[in-house]
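First comes the structure, then the notes that go with it.
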Amino acid sequence: QGTSGTTALLMTPGGDVRHRAHVDVTVAYPRDGWVQQDALELWRSVQQCCDTVVRDSETAPVALGITNQRETLVVFDRRTLEPVAPAIVWQDRRTADICQEHRRRGEEPELRRRTGLLLDPYFTATKIEWLLREDPSLQPRAARGELCAGTVDTWLLARMTNGEVVATDVSNASRTLLFDIGRGVFDDALCEQFRVPPELLPEVRGSAEQVGTTSPDALCGLRLPVSGIAGDQQAALFGQACLDEGMSKNTYGTGSFVLTNVGGTAPDPGDGLLATIAWRIGGATTYALEGGIFVTGAGLRWLAGTGVIDSPEEAGALFDSVSDAAGCFFVPALSGLGAPWWDPQARGAFVGLTGAVGRPHLVRAVVEAMAYRTRDVVEAMERASGIAFQELRVDGGAITMDGLCQFQADVLGIPVARSSSAEATAMGAAMLAAVGEGLTDVRSVAERWVPGRRFEPALAGTRPSQGYALWLDALRRVRSQPGSLQ
């Protein structure tokens, strides 16, 4: 279940897709910096997709895996399963001032040590704190355990089991700012800092284990074991078979997310990156370094909304129609800047506009920004880990653009391996479910992975400096510092 839509796949344990269904979902922007969704619409979209896939298939599914947009908050009544407020989406920036309050109290270093995260509106804890402040009538209900504050996986699992199971997995829990990633538990002291009653939180489970069974009257008319759960980016890391330490992927969706498998020890994330739990299988936890980029496909949808293009699907042809962006750079800070800059007050801009810049150049600048922002994150990861990237595996909707994949390889100076399926995230959820049901094992997932196409850089082992230096100059102009555009 993603920010812009919900997809259901029926897959074999070997990874072959037999049936697919997709439903778009609405994203609302009621105020500057606010991003929210109707939680019931998200649930109905899951029902619709799953019903379509089961109806169109001659083979009954044997297990179900969930993957979801992370950090998005849904607060609902545990008995009635009704949401008490709109879902506050991960892109939402309304809690920037609350983050500043915690920062002024000197809380960030210890938060970073325990959670691997930063004090940023991106994460779930300040969303919960804001909602309980905004509607004080929720506070006694929260303290009595009548409500649950969960991420989207928790909401969907509760609905599809008719409230029998109210749980999350470790990968989603690790994105809340309330979870100690070293101990693998919600931390009472962190809950107290954000004024979140522990009774409000879901149970925490592994990523590949049977956590419950769907109710026939809730989903597809079937009783299915739910045996795989992971946040979307962790699921993509698994689906891309980045199962060994040092392997990395980038997913180009609404935003982009670079994750590197760092093994079984919680890492020091360094400056501007996040440490997160990738998954827990059979009691063993795997960790990842992560760099989140808030605007990727969202930039193309913004262009379409302004009338520059009719739809995001036009972008590939327009990108290919010109050899460069005519000196124009797009800084995609439409929702602030994520890793490694973490500047919620930065604003987007086109920099370097001249009379030579036309519609194709604007589109190319937006697409090139995806690659430049990825380089920002990759270089920060290399500094933090001391390990140079040898290859980047890529997935997501934007990778259908050959021009983007080639430009990404050129900007990084390393091969880019495009997934044979744009559905690596859903594939990861399905593979986790298959592992959780004992239908396959982790090594088999790695052995079956093959790239759809490999893009070699124009200058292997060399990262071009001139274009990237101009990019960094454009970036500096929109940062929320004295003298900037802000």
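Would you check if THR52 is of a type in the set (Ser, Thr, Tyr), outside any loop (DSSP other than H, G, I, E, B) and in contact with a Cys (Cβ under 8 Å, 6 or more places away or on another chain)? First the steps, then the outcome.
On the way: of a type in the set (Ser, Thr, Tyr): yes; outside any loop (DSSP other than H, G, I, E, B): yes; in contact with a Cys (Cβ under 8 Å, 6 or more places away or on another chain): no.
It is false that THR52 is of a type in the set (Ser, Thr, Tyr), outside any loop (DSSP other than H, G, I, E, B) and in contact with a Cys (Cβ under 8 Å, 6 or more places away or on another chain).
I need the full set of residues from segment 379-415 which are surrounded by 21 or more Cβ atoms within 10 Å (Cβ to Cβ), β-branched (Val, Ile, Thr) and within 20 Å of the chain's Cα centre (by Cα), in order please.
VAL394, ILE399
Looking only at segment 221-240, decide whether some residue is farther than 20 Å from VAL170 by Cβ and buried (at least 21 other Cβ atoms within 10 Å of the Cβ). Before the answer, list the steps.
Initial filter on segment 221-240 (farther than 20 Å from VAL170 by Cβ): 221-224.
From what's left, buried (at least 21 other Cβ atoms within 10 Å of the Cβ): 224.
For segment 221-240, residues farther than 20 Å from VAL170 by Cβ and buried (at least 21 other Cβ atoms within 10 Å of the Cβ): present.
Within segment 437-454, can one find any residue that is surrounded by 24 or more Cβ atoms within 10 Å (Cβ to Cβ), touching a Leu at 6+ places or on another chain (Cβ under 9 Å) and either among the hydroxyl-bearing types (Ser, Thr, Tyr) or closer than 17 Å to LEU243 by Cβ (or both)? Break it down stepwise before answering.
The initial filter retains those residues of segment 437-454 that are surrounded by 24 or more Cβ atoms within 10 Å (Cβ to Cβ), namely none.
Among the residues of segment 437-454, not one is surrounded by 24 or more Cβ atoms within 10 Å (Cβ to Cβ), touching a Leu at 6+ places or on another chain (Cβ under 9 Å) and either among the hydroxyl-bearing types (Ser, Thr, Tyr) or closer than 17 Å to LEU243 by Cβ (or both), which makes the answer no.
Can you name the residue in segment 86-99 that is surrounded by fewer than 22 Cβ atoms within 10 Å (Cβ to Cβ) and in contact with an Asp or Glu (Cβ under 7 Å, 6 or more places away or on another chain) and, of all such residues, is farthest from LEU138 (Cα to Cα)? Before you say what the answer is, go through the steps one by one.
Start the filter on segment 86-99 by keeping residues that are surrounded by fewer than 22 Cβ atoms within 10 Å (Cβ to Cβ), which leaves 86, 93-94, 96-98.
Cutting the leftovers down to in contact with an Asp or Glu (Cβ under 7 Å, 6 or more places away or on another chain) gives us 86, 98.
Working: PRO86: 14, ILE98: 19 Å.
Ranking the qualifying residues of segment 86-99, first place goes to ILE98.
For segment 331-351, which residues satisfy the criterion of being hydrophobic (A, V, I, L, M, F, W, C), under 13 Å from TRP302 (Cβ atoms) and in contact (Cβ under 8 Å) with a residue 60 or more places away in the chain?
Selection gives VAL331, ALA333, ALA349.
Please determine, by comparing only the residues of segment 128-154 that are acidic (Asp, Glu) and within 22 Å of SER174 (Cβ to Cβ), which one is surrounded by the most Cβ atoms within 10 Å (Cβ to Cβ).
Going through the qualifying residues, I end up with ASP153.
Just for segment 164-187: of the residues that are in a loop (DSSP other than H, G, I, E, B) and among the hydroxyl-bearing types (Ser, Thr, Tyr), which one is farthest from PRO269 (Cα to Cα)?
Taking segment 164-187 as the starting set, the residues that turn out to be in a loop (DSSP other than H, G, I, E, B) are 164-166, 174-178, 181-184, 187.
So of that shortlist, the ones also among the hydroxyl-bearing types (Ser, Thr, Tyr) come out as 174, 176.
Details: SER174: 14, THR176: 17 Å.
Among those that are in a loop (DSSP other than H, G, I, E, B) and among the hydroxyl-bearing types (Ser, Thr, Tyr), it is THR176.
Pick out the one residue from VAL46, VAL25 that is closer than 18 Å to THR254 by Cα, among the aliphatic types (A, V, I, L, M) and out of contact with any Cys (no Cβ under 7 Å at 6 or more places or on another chain).
Values: VAL46 fails: closer than 18 Å to THR254 by Cα.
Every option except VAL25 fails the conditions.
Within segment 19-40, does at least one residue satisfy the condition of being of a type in the set (Phe, Trp, Tyr) and in contact with a helix residue (DSSP H, G or I) (Cβ under 7 Å, 6 or more places away or on another chain)? First the steps, then the outcome.
To start, the set of residues in segment 19-40 that are of a type in the set (Phe, Trp, Tyr) comprises 29, 34.
Pick out the ones that are also in contact with a helix residue (DSSP H, G or I) (Cβ under 7 Å, 6 or more places away or on another chain) and you get none.
Checked segment 19-40: no residue is of a type in the set (Phe, Trp, Tyr) and in contact with a helix residue (DSSP H, G or I) (Cβ under 7 Å, 6 or more places away or on another chain).
Of these, PHE319, PHE350, which one is more than 22 Å from the chain's Cα centre (by Cα) and assigned to a strand (DSSP E or B)? Before you say what the answer is, go through the steps one by one.
Working: PHE319 fails: assigned to a strand (DSSP E or B).
When all the criteria are applied, what remains is PHE350.
Kindly state which strands (runs of 3 or more DSSP E) lie completely within segment 205-305 and contain at least 1 residues that are aliphatic (A, V, I, L, M) and more than 27 Å from PRO61 (Cβ to Cβ). Quick ask: steps written out before the conclusion?
Values: elements: 225-231, 248-252, 256-263, 274-281, 284-293.
By residue number, 256-263, 274-281, 284-293.
What's the total number of residues in segment 9-43 that are hydrophobic (A, V, I, L, M, F, W, C), more than 14 Å from GLN69 (Cα to Cα) and either touching a Ser or Thr at 6+ places or on another chain (Cβ under 8 Å) or surrounded by 14 or more Cβ atoms within 10 Å (Cβ to Cβ) (or both)? First the steps, then the outcome.
Start the filter on segment 9-43 by keeping residues that are hydrophobic (A, V, I, L, M, F, W, C), which leaves 9-11, 17, 21, 23, 25, 27-28, 34-35, 39-40, 42-43.
Subset that is more than 14 Å from GLN69 (Cα to Cα): 9-11, 17, 21, 23, 28, 34, 40.
Now narrow it down to the ones that are either touching a Ser or Thr at 6+ places or on another chain (Cβ under 8 Å) or surrounded by 14 or more Cβ atoms within 10 Å (Cβ to Cβ) (or both): 9-11, 17, 21, 23, 34, 40.
Residues in segment 9-43 being hydrophobic (A, V, I, L, M, F, W, C), more than 14 Å from GLN69 (Cα to Cα) and either touching a Ser or Thr at 6+ places or on another chain (Cβ under 8 Å) or surrounded by 14 or more Cβ atoms within 10 Å (Cβ to Cβ) (or both): 8 in total.
In segment 322-347, which residue that is outside any loop (DSSP other than H, G, I, E, B) and of a type in the set (A, V, I, L, M, F, W, C) is nearest to VAL258 (Cα to Cα)? Walk me through how you get there before you give the answer.
The initial filter retains those residues of segment 322-347 that are outside any loop (DSSP other than H, G, I, E, B), namely 329-331, 334, 336-337, 343.
Those still in the list that are of a type in the set (A, V, I, L, M, F, W, C) too: 329-331, 334, 337.
Values: PHE329: 22, PHE330: 20, VAL331: 18, LEU334: 19, LEU337: 15 Å.
Applying the filter and picking the extreme gives LEU337.
Considering every residue within segment 46-59, establish whether at least one is surrounded by 22 or more Cβ atoms within 10 Å (Cβ to Cβ), modelled with pLDDT of 95 or more and either over 19 Å from GLY231 (Cα atoms) or not polar (S, T, N, Q) (or both). Before you say what the answer is, go through the steps one by one.
From segment 46-59, those surrounded by 22 or more Cβ atoms within 10 Å (Cβ to Cβ) are 46, 50; that's our starting set.
Those left that are additionally modelled with pLDDT of 95 or more: 46.
Those still in the list that are either over 19 Å from GLY231 (Cα atoms) or not polar (S, T, N, Q) (or both) too: 46.
For segment 46-59, residues surrounded by 22 or more Cβ atoms within 10 Å (Cβ to Cβ), modelled with pLDDT of 95 or more and either over 19 Å from GLY231 (Cα atoms) or not polar (S, T, N, Q) (or both): present.
Just the residues that are touching a strand residue (DSSP E or B) at 6+ places or on another chain (Cβ under 7 Å) and more than 20 Å from ARG364 (Cα to Cα), please, taken from segment 389-417.
Matches in segment 389-417: PHE389, GLU391, LEU392, ARG393, ILE414, PRO415, ALA417.
Looking at MET431 and the list (1) out of contact with any strand residue (DSSP E or B) (no Cβ under 9 Å at 6 or more places or on another chain); (2) under 25 Å from GLY231 (Cβ atoms); (3) surrounded by 14 or more Cβ atoms within 10 Å (Cβ to Cβ), which single condition is not satisfied?
Unmet condition: (1).
Determine which member of the set ARG223, ARG183, ARG205 is in contact with a strand residue (DSSP E or B) (Cβ under 6 Å, 6 or more places away or on another chain) and free of Cβ contacts under 8 Å to residues at least 24 places away in the same chain. Write out each step before concluding.
On the way: ARG183 fails: in contact with a strand residue (DSSP E or B) (Cβ under 6 Å, 6 or more places away or on another chain); ARG205 fails: free of Cβ contacts under 8 Å to residues at least 24 places away in the same chain.
Residue meeting the stated conditions: ARG223.
The values are calculated or read from the model by the stated rules, or taken from the named source; none is laboratory data. A quick note: this is a predicted structure, and the numbers were derived from the prediction, not measured. So basically every Cβ, Gly included, is an ideal-geometry build from the backbone, and we count neighbours across all protein chains shown.
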